[in-house]
Structure formats: structure tokens, C-alpha cells
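Below you'll find the structure, written out as C-alpha cells, and then a few comments.
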Amino acid sequence: MNVTEDSTEQCGNSLTRELTQNPLKKIWVPSSTNGLPERHISQRKVCMTNCPTLIVTVGLPARGKTYISKKLTRYLNWIDVPTKEFNVGQYRRECVKIYKSFEFFQPDNEEGLKIRKQCALAALNDVRQFLTDEGGQVAVFDATNTTRERRETIIRFAEQNGFKVFFVESVCEDPDVIAENIVQVKLGSPDYIHCNTEEAVADFMKRIKCYENSYQPLDEELDRDLSFIKIIDVGRRYLVNRVQDHIQSRIVYYLMNIHITPRSIYLCRHGESDLNIKGRIGGDSGLSARGKEFAKALRQFIQSQNIRDLKVWTSQMKRTIQTAEALGVPYEQWKALNEIDAGVCEELMYEEIQQRYPQEFALRDQDKYRYRYPKGESYEDLVQRLEPVIMELERQENVLVICHQAVMRCLLAYFLDKTAEELPYLKCTLHTVLKLTPMAYGCKVESVCLNVDAVNTHRDRPSNVDVSRLPEEALLTVPDHH
Amino acid sequence: TFCLGKNLNKYERSSRPQFTNCPTMIVMVGLPARGKTYISKKLTRYLNWIGVPTQVFNLGQYRREVVQTYKNYEFFRPDNEEAMKIRRACASNALKDIANYFTKEQGQVAVFDATNTTRERRGVIISFAKEKGYKVFFIESFCDDPEIIEANIMQVKLSSPDYENYDKEEALVDFLKRIDCYNMSYVPLDEEKDRHLSFIKIFNVGSRYLVNCVQDHIQSRIVYYLMNIHVTPRSIYLSRHGESELNLLGRIGGDTGLSSQGQKYAKALAEFIRGQSIKDLKVWTSHMKRTIQTAEALGVPYEQWKALNEIDAGVCEEMTYEEIQATHPEEFALRDQDKYRYRYPKGESYEDLVHRLEPVIMELERQENVLVICHQAVMRCLLAYFLDKSADDLPYLKCPLHTVLKLTPLAYGCKVESFYLNIQAVNTHRDRPTNVNVARKPEEALQTVPEHL
């Protein structure tokens, strides 16, 4: 990879290293003697934690442990903390091919206990591999872990391997919440494929009973030296003990902001803009005639949805604000929702970028997520900038976010658990509204095209991403424009 | 139609993201010497810095105004009828002032700093808030560690106006008796009985928290902040990068390397830091070459934060002030009119900077000893947070090159020590000129521009 800039400092001190700018991320790094960037001890981003963290869920069945595990894992991965969940129930299903009944979970079922212990250990083994060998930073060990004895085993395991432990306990006695839980996620479980609803519910309630007698909740006295958060009644109350570091603090903040009240999040881009029509990126232009039509169609669509207490958010750029204005309702402007800053490429067409900055154009195709425009931003920067938006979206209920292509891709990737590789290529077309409704462990997506024509602004990754490629190869996937 | 200049955020129906829909009363709860005033002042400083108008109403101060001279702990005895009358009147006055702050002074958060240790007193406050339509959030500080309590008393109570005429031992004895007066009637917030109230209970300076019924965004942010602060002694060092090539030319922004003086500073900084013998020092820089080059000279690991990048001057990047005056005279004047809120075209404002720096401040609160190598505008924002400077003062704080500021939390504030490392550098500080009118002459605009090549 070529070095874009060479800085030769006359320091007269052999210990001072020269700096070169990493061509992809535009990060200044000390270079080794041959002028190439070397691996450097300085961190590239905020140090989340000094050693891997094991998050351990605690709680009776149907208390939302898996819901929390999956959601937290999705959030951590989105903010670039490699995280993976390990659901012991899954290990059990792989071991015991067919689930018969709650009797498997009876505390006096020796055979059942043996298998369950083996599964837990197998899961912990995989945890070790993920955190030690595969570059994982956080592992979420999703199981009931309802006895102090089981938790002790895990703590010893973590100590042996140099992992920090943070417990997340969910305590809930509200029968309505538990019943809803069972309906939403248990009935559809592989365990109950062959049962009808009544049978499944009856069996599951007996399953919960098996754990109840031996359940030892985390205690503020007995467990005062452990790090944990106890979530009571789905977030009505929290007990937080001994937060050790940055990542645990962020996890606590996140868990305290999420809720399960049904709601929908609507994502859309601004209406087609004047620069869109010209095939130019960035800038701060107004809506085209079709864009204005979309704004009106959006108003009609929103009204027809009959949404309760809808909040509307826009960026601070003209085109999203103009779109919101047509709705005739109050809206909030967020600078954080502004489109990705294309730096020196602002308001250029792809053809012009290829002409003036062919190397940059190729680097972007090589790693679109991490690539930072000169004097601009990367998708990676965008995600960091959007984190407070996501946090507030978690707190809110019904929200319509009118934003931009790259921004919408980042938000969508969070809700749909897309990887950094997929994120920059997610299809977010103009004049289409995505309605996201949390469902079970994920998110239902409904795509509504409001039938107002617009240019296509989606540029796929071309086959040849090499710096030495021909212009035609670079411009192969550029969408049509005036 | 839209307003000229993105700095004027006066669109009719839109607004900045809402922190809260109605005013919030934060009500402290706890025995004396539990850190209530420390928390009140720190929280208020933080909220004001992030743009939420907040004020502390300290009941002790109201009492001192009424009862000019403090005699002894007997004033606080629960059977002292006369004192009780006075104390109740003070509380009532404080609540009146709070109402005034909300309705007439556009306050958004009021921190009612008093013991509020009985359910009855809290009931009075809740009724008052309900009648006026204010939200209430309680912060209880619970501590039974005698060492912490004594340290507390030594740090802030002995120097209180109440104990001006006491010697140390007498003051300590009297204050402990004062605490006893409250102890008997103290009813802490209870997770069952008070389950409908919104509160956070802080145990033993943060080893444990109980959080109940957080109602909205601002309460969520307050909880997050309270859970990240600590009282472990430490120091924060703030410095700019060494003098850069563009500094020498009087040009703003850009991403150049250090000048030869700047390189000398980097070495001097390394020596200074070594001389300070700091335990477990963390070093943070921005993503810009000049701060990283400065850090490199220290020979220790450092973390790069994009959030610490200098303010983006948009279309004015790399210009001299003379060039800005020549090409954008109106912008230049608007900036002088309201330097905090003014946003460069396609750039940022100080207000934007504060927003972007909030995670840095949050992490600084979590950390212990840290050296932050940053930039002029950035350093002004951070300094304003630690020294409780207003939005009007912030953009004019003096942060000269080649000077390290050492901030050490002390009692209710921050001690500042300034170390000029004796390496010559240009001055980059431009004061507000007298004439900020758009119609002013170029000479008037450029009156305060510092010298450069």
C-alpha cells in the first residue's frame, strides 16, 4: 500500500519516530524505517477495557435474559466491540436432540443435571476460545445461572483465564410480563414444535418451577464484591454494584435505557435533492420538485399510519428539514444526523472523484467501512457520531427519523444486526420508508415505497478495487444521473 | 425561507433535541457530610456545560443569611422549636426562588441541596412540584464509612463560615453532634415505600447504586453522570500541541506538523511529565498530526480521540484572519458577535464542540491521572467544564501554546496550576474587538489579531 504523505522531521533525536498517514483511515502513525506504517502501541480508539469481559446473565426462565443478551451483543458489535453470545439452551438442544418435557429440568434428575453441566462447560470452553484466540472482547454467557454454586464455577473459570466478570440479573414477578414473554418467544422455540399452545405454556410453567426452589438471586450483602446490575420489573428499578471499567459503565447505561414497550421506528431519507439529480455527493442543497412531492406523500403516509405521539427527527441539513416541514408537525434537528462528510470530495460526482483522486476512490472500494475521505469522515466515524442518536432512539417510543443515505445505513445496520462489511452497501433508496418494529428477539422490517420517482443513488462495489484499475472499471457501478 | 448562516438556529417549528419537557427539581437527600453539596455543585456544573440551565439552591446558605451567626449544634436539635420555624421558613423561601428560577429566568433544572431526611419534608417538596408541574428526581447519598465521613468534614466543613471561630477539634465534635440531631429522624428512601418516586441512591461514594423509575432523557443522563464520577485524588493535565507550521503563519485549522519550536516543546513536555512522577498516567491526543507528534516525544503509549480534533473552520480552514476578513467579512463579524454559537460555514461552532466533547469529559471523570494533548478551542471547552466558565467566557479563555495546565479537584472545585515550559511560541489568542458590527472597517475587525509571519 502506498504512503500518501511522508513527513520527514528533523528532530535530531533518534528516538522520535516519523509520522505517516495511514492512507485508508487517514490516521497518523509512526512509520518504520522503510517508510511504511508500522503496528504501533498507541490505541486507535477509546480503550474499552484492558482485558476481555464475560457477561453472565442470571434469572429464572422467561425473564428476558436471551432478549437482553442478543440486544446487548448487537449494540456492542455495532459500536465496534467484538461480542458474541453463548446460549446454553442451544448447547443443550444440540446434545439432547429432542425435548420431551419439563422433567428434564427437575432438580433430582441426575442424568439431566449431568448433561446440563456438560453443556455449560462446553459453552465456557467456546467462550475461552472466542476471548483468547479469536480476538473477542466480550462474551455473553446466556443461561439461568440461578445458584451461587454455578456462579462460583464461572467466576473461577474467569479468574483462571484473566477475564473480568459482570453479572446481569433480570428479576420479574409480574405474571403478565412473564406470560407475554412465553407467548412471544417460548412457544416458537424448537423445544415446543410439537406442542399446542396450552400444552407448551403448561409445560413451561412447570419448567420455571424446577428452578424456583434453588434460585439464589444476587444479594447486595453476600455478593457485594461482585460486579453486577440487577434489573427489576423490566427496568422499573436497577441495582448496580461495583462497575469496574468503561465497557461495564457503557453496558449499564445501555441496559438502563432500553425498554420493551411496543413501538415503531420509521426511517427514511430526505426527498430527492437538486444535487442528487446531478449525481453529486454531499452538499446542502434543497429538494427537487420530485423531492417536494415525496415530502407531501410522506405526510399522507404518516397520517394514515395513525401513530401515537410520533416524534420527528431531522438532521441540520436543508433537505431533511424541508422534508419535515411538509409534515406540519414539530420536529427536532440533530447535527449528529448530518450526512457523512466527504471532505475534499464534497459536491463532486463519482466521475470527478475518479478523475481527481483515483487512489482515494479505489481505497474506498477496498474498505468502504473504514475508509475516511481526506478531511472528511468514514462510516466508522459516523457510527461513533450516531451512538447518542441510537441511545435516544432506545429511550423513545414512536419516532420518524428523516436522514441521509450513509446515516440511514448505519442506523439500519444497528437495528438489523448487519456487519461492518455489509453496512456501507445496505440499500436505502430515496422515497422509501422503512418501518421497524421490534419483534421477539429481532426487528420486523416493512418497506413502503411512496411511489414518487427518484434517481438511484446506490453505488455497488465494483469487481476491480485495485488502485491500478482503469477508470471504466472504477465507474462501472455508478448509477445514472444528469 | 431559511436564515442566512447556519449559526442562527431560529427555524420556526424545530428546535434542538429536547432534554426535558418541563422543569426538573433535583432533590438531594442525606445526612450531613455525605457529599450532597459536592454532588449538587458538580452536577450543576456538568448540566450547565452541556447546555441545560441549572442552578443550586443550598438551604444552608438561606439559613446563614437569616441566622447571621452560628452558635452550635443545638440549633439543629429536633426539639428546638424556634430553630425549626426558621428552618421551615428557609425551605419555603428556597422553593419560592426555585419557582422564580423556572418561570422568570428560563431555568430548566434546580438542585435543592438540603438534608431532606424525613418523608414529611420530601412530601412537602413533592406536593409543591406537583402543583407547579415540575418533575422531581431524588439523589440520596448514603454513607456509613466513618473514614469517608471524617475526611469529608475535614475537607469542607471545618472551613465553613459556621466554624470560623472554632478550632479544629471543637468544630469536629460539634459537627458530629449536628449529624446526630438528624440521625434519629432520618428515613432513607425505600425501594418499597417510595417505589413511585424517581430516584438514585448512592451507597458509599459509588460502590453501589439503586436507581428507581427514571422518567426521561435528562434523568437518564444525570444517572449516567453520577455513576461515572469518583472522588479518588488525581490530576488532569491539559496542554495544546507544540507550535505548528500553520501557527507560525497565523493560519487557523489544517493538519500540519510541529515547527522546530514545537518540537522543542514536545521534548520539554516529556521532561516535565517525567518530573511530575505521575502514577499510571494516560495520555490522549486528537487525530491530528500536531498532537500526535507532541505525544510521540513522550515515549509512552497514547490514545487517539477523533473527538479531540480542533474545531472545524469549514470554508475558513487554513486561512489567516486577514484573509477571512477579506473573503467573509460578514461571517467574521457574526463570529465576534456570538463566538460561542457562531458556526463556520460548512464547519462547527463552540457549541458543537462541547457536544462532541461530552464523551471525552465523561471518560475523564471515570479516569484518574490523564494528560490531554489537544487544541486551542478544544482546550477552552474542557477548561470551561472544569472551571465552571459560562458560554460567554469560554471562547475567550486563555490557552497559550507551550503551557501545561494542571487541574486537581479540591473541595468543591478545582485547583489550577499553570506551567509555562519556557519554549517561545507565537500567540494565537485573538480577543474580541470593540466593534463587532457587520458595517465595521477592516482595521477595526483586525485590531486584535495576534502577530504572525
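The values are calculated or read from the model by the stated rules, or taken from the named source; none is laboratory data. Source: prediction; values computed, not measured. Note that we place each Cβ from the backbone using ideal geometry, even for glycine, and neighbour counts take in every protein chain shown. Protein only, heavy atoms only, side chains kept; ligands, DNA and RNA dropped before computing areas. Shrake-Rupley method; radii C 1.70, N 1.55, O 1.52, S 1.80 Å.
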Quiz item: the stretch A:61-76 to the stretch A:223-264: how many Å between their Cα centroids?
Solution: 12 Å
Exercise. Report, for the protein assembly as shown, the % of DSSP beta bridges that are antiparallel, rounded to 5.
Key: 40 percent
Quiz item: Within the P(r) computed for the stretch B:24-227, what percentage of the Cα pairs occupies the region above 24 Å?
Solution: 40 percent
Quiz item: Applying 1/(1 + (r/R0)^6) with R0 = 41 Å to the Cβ-Cβ distance of A:Lys97 and A:Asp233, what FRET efficiency is obtained, to the nearest 0.05?
Solution: 0.65
Quiz item: Once phi is turned into θ = phi - 60°, what whole-Hz ³J(HN,Hα) does the Karplus curve with 6.51, -1.76 and 1.60 give for every residue of the stretch A:205-212, x standing for Gly and Pro?
Solution: 4, 5, 4, 4, 4, 4, 8, 4
Practice problem: For an R0 of 51 angstrom, estimate the FRET efficiency from the Cβ-Cβ distance between B:Asn93 and A:Lys278 and round to the nearest 0.05. | Solution: 0.20
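Calculated FRET efficiency, A:Val344 and A:Asp80, Cβ-Cβ r, R0 35 Å, to nearest 0.05?
It comes to 0.85.
By accessible area of protein heavy atoms, probe 1.4 Å, what ranking do A:Thr477, A:Thr83 get, highest first?
Numbers: A:Thr477 35, A:Thr83 10 Å².
Ranked from most to least accessible, the order is A:Thr477, A:Thr83.
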Quiz item: When the Cα atoms of the protein assembly as shown are enclosed in a convex hull and the volume is divided per residue, what value in Å³ results?
Solution: 201 Å³
Quiz item: How do A:Arg250, A:Arg150 rank by accessible surface area computed with a 1.4 Å probe, from largest to smallest?
Solution: A:Arg150, A:Arg250
Exercise. For chain B, calculate the relative contact order in percent as a whole number, restricting contacts to Cα pairs under 8 Å that are 6 or more residues apart.
Key: 17 percent
Quiz item: Any idea how far apart B:Val438 and B:Lys279 come out in nm if each label point goes 7 Å out from Cα toward Cβ?
Solution: 5.8 nm
Quiz item: Between A:Asn181, A:Asn196, A:Cys95, whose Cα lies farthest towards the positive end of the dipole of the stretch A:53-256 when Lys and Arg beta carbons carry +1 and Asp and Glu beta carbons carry -1, centred on the Cα centre?
Solution: A:Cys95
Quiz item: Counting DSSP beta bridges with both partners in the stretch A:53-256, what percentage is antiparallel, nearest 5?
Solution: 20 percent
Quiz item: Between B:Gln337 and B:His429, how many nm apart are label points set 7 Å from Cα along the C-beta direction?
Solution: 2.7 nm
Quiz item: Could you give the nm distance between label points at B:His196 and A:Glu152, where each point is 7 Å from its Cα heading toward the beta carbon?
Solution: 4.4 nm
Practice problem: Return the inverse of the average 1/r over all pairs of distinct C-alpha atoms in the stretch B:282-355, which is the Kirkwood hydrodynamic radius, in Å to one decimal. | Solution: 13.9 Å
Quiz item: Hey, got the Cα dimensions of the stretch B:246-329 along the principal axes, in Å, largest first?
Solution: 49, 26, 16
Quiz item: Considering only the stretch B:236-446, what is the antiparallel percent among its DSSP beta bridges, to the nearest 5?
Solution: 55 percent
Quiz prompt | Rounded to the nearest 10 Å², the accessible area of B:Ser418 at probe 1.4 Å | solution = 80 Å²
Quiz item: Reachable aspartates and glutamates from A:Lys427, Cα under 14 Å, same-chain residues fewer than 8 places away excluded?
Solution: A:Glu446, A:Asp460
Exercise. Once you have the Cα-Cα distance between A:Leu416 and A:Val183, take 0.36 nm times their residue separation minus that, and quote the gain in nm to one decimal.
Key: 81.6 nm
Quiz item: Between A:Glu212 and A:Ala122, what length comes free when the chain is fully extended (0.36 nm per residue of separation minus the Cα-Cα distance, one decimal in nm)?
Solution: 29.9 nm
Quiz item: With every protein chain kept in the model, how would you rank B:His355, B:His402, A:His259, A:His482 by accessible area, 1.4 Å probe, largest at the top?
Solution: A:His482, B:His355, A:His259, B:His402
Practice problem: Return the sequence-ordered ³J(HN,Hα) values of the stretch B:35-45 in whole Hz as given by the Karplus equation 6.51 cos²θ - 1.76 cosθ + 1.60 applied to θ = phi - 60°, using x for Gly and Pro. | Solution: x, 5, 5, 4, 5, 4, 5, 5, 4, 4, 4
Quiz item: Taking chain B on its own, what percent of its Cα-Cα pair distances exceed 41 Å?
Solution: 28 percent
Practice problem: Return the inverse of the average 1/r over all pairs of distinct C-alpha atoms in the stretch A:265-476, which is the Kirkwood hydrodynamic radius, in Å to one decimal. | Solution: 17.7 Å
Quiz item: So what does B:Tyr134 come to for accessible area, using a 1.4 Å probe and Å² rounded to 10?
Solution: 30 Å²
Quiz item: Which ³J(HN,Hα) values in Hz, rounded to whole numbers, follow from the phi angles of the stretch A:430-440 under the Karplus curve 6.51 cos²θ - 1.76 cosθ + 1.60, where θ = phi - 60° and Gly and Pro get x?
Solution: 5, 6, 10, 9, 9, 9, 9, 10, x, 8, 6
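Mean projection of the alpha-carbon convex hull of chain A over all orientations, in nm²?
Here the figure is 27.4 nm², rounded to one decimal.
Over the stretch A:148-207, what lengths in whole Å, largest first, do the semi-axes of the equivalent ellipsoid take, defined as the square roots of 5 times the eigenvalues of the alpha-carbon gyration tensor?
Rounded to whole Å, the semi-axes are 33, 15, 10.
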